[in-house]
Structures are given as C-alpha cells and as structure tokens.
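Report on one structure; see the data block that follows.
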C-alpha cells in the first residue's frame, strides 16, 4: 500500500492521539479517549484507511 498521510498530518495525528490517551489516563475524558491509539498507529504507518475509498492524500503523490 502506498502512504496517503503527509508528515504534517502524521504529526498532528500522533500529538492528538497522545493527548487523547493522556486525558483518558487523567480521567478527564471517558474510555473513548483510547481511540487515540488508532490516531497514533495511522500517524506512524502513514496510511489512513478512511482516506482510501475517497482517494484523499495529504502527502505528495507521484503522477
């Protein structure tokens, strides 16, 4: 699979994922904060399954 997540998008995903998990551990938000793990994973592997059916890319695409 080709990557479809750019570097800025990946950094935002990782930061938001860490913030969500941190807020969950601090009991600021509920258990849904563990969804931050998905954001971290998609930021690390740079592939977002939601982008695939729509053909979206936040990184440079070779033509």
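If you filter the stretch 46-63 down to residues that are in contact (Cβ under 8 Å) with a residue 12 or more places away in the chain and part of a helix (DSSP H, G or I), you find that the one that is surrounded by the fewest Cβ atoms within 10 Å (Cβ to Cβ) is 52. Set side by side, the residues 16, 31 differ, and just one is more than 13 Å from the chain's Cα centre (by Cα) and surrounded by fewer than 16 Cβ atoms within 10 Å (Cβ to Cβ), which is 31. With respect to residue 10, is the statement that it is at pLDDT 95 or above and over 11 Å from the mean Cα position of the chain (by Cα) true? No.
The values are calculated or read from the model by the stated rules, or taken from the named source; none is laboratory data. Just so we're clear, the structure is a prediction, and the values are computed from it rather than from any experiment. Using ideal geometry, Cβ is built from the backbone for each residue, glycine included, and neighbour counts are taken over all protein chains shown.
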